[in-house]
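Here is the structure we will look at.
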Amino acid sequence: MAAMLRSAYAASGSADRDQWCLDNFDAVAAHIGAAQRITHGAASNQLLIAVALHERFPLVAAVFAEGLITYQLVRTVVQRGGLVVDPSALHELDRLLAEALSA
């Protein structure tokens, strides 16, 4: 999902889409929603979680990809970890969580 969003932002004419009815994020969320047959709001939430995992919690994402933790736990990590703004603290949190969750 995060890769789909990155591709949408990299597409030609992407910078002008903020003037469209749907920006890149909404376009990708609509695509995800249609593919999974879920609402736009649910797809947007999944996309937000995917981007946060990709950008902020890559080690937790790897644990999730292995099937060792549930989506509900991932969502909790992303929501509560959103308060961390210091990059070094965020990296350490990601490492500690991945270590604890994969044990």
Is it true that some residue in segment 19-28 is β-branched (Val, Ile, Thr) and at pLDDT 90 or above? no
Can you tell me which of (1) open to solvent by 60 Å² or more (accessible area, probe 1.4 Å); (2) more than 13 Å from the chain's Cα centre (by Cα) is the one PRO58 doesn't meet? (2)
State the number of residues belonging to segment 77-95 that are exposed (fewer than 12 other Cβ atoms within 10 Å of the Cβ) and in a helix (DSSP H, G or I). 4
Contacts under 6 angstrom Cβ, first residue in segment 84-96 being free of Cβ contacts under 8 Å to residues at least 60 places away in the same chain, partner aromatic (Phe, Trp, Tyr) and surrounded by 14 or more Cβ atoms within 10 Å (Cβ to Cβ), 6 or more apart: ASP94/PHE57
With the requirement that a residue be of a type outside the set (Val, Ile, Thr) and either closer than 19 Å to ARG6 by Cβ or at pLDDT 95 or above (or both), what does segment 82-96 give you? ASP86, PRO87, SER88, ALA89, LEU90, HIS91, GLU92, LEU93, ASP94, ARG95, LEU96
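Considering only segment 42-78, how many residues are polar (S, T, N, Q) and more than 23 Å from ALA27 (Cα to Cα)? Spell out the reasoning first.
The initial filter retains those residues of segment 42-78 that are polar (S, T, N, Q), namely 44-46, 70, 72, 76.
Still in the list and also more than 23 Å from ALA27 (Cα to Cα): 70, 72, 76.
So the count comes out to 3.
Listed residues ALA65, ALA35, ALA52; which is at pLDDT below 95 and closer than 20 Å to LEU5 by Cβ?
Working: ALA65 fails: at pLDDT below 95; ALA52 fails: at pLDDT below 95.
Answer to the selection: ALA35.
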Of everything in segment 61-76 that's touching a Ser or Thr at 6+ places or on another chain (Cβ under 9 Å) and part of a helix (DSSP H, G or I), which residue is most open to solvent (accessible area, probe 1.4 Å)? PHE64
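The values are calculated or read from the model by the stated rules, or taken from the named source; none is laboratory data. As the structure is a computational prediction, the values presented were derived from the model and not from experiment. In this analysis, Cβ positions are derived from the backbone assuming ideal geometry, glycine residues included, and neighbour counts consider all displayed protein chains. Only protein heavy atoms, including side chains, enter the accessible area calculation; ligands, DNA and RNA are left aside. Shrake-Rupley method; radii C 1.70, N 1.55, O 1.52, S 1.80 Å.
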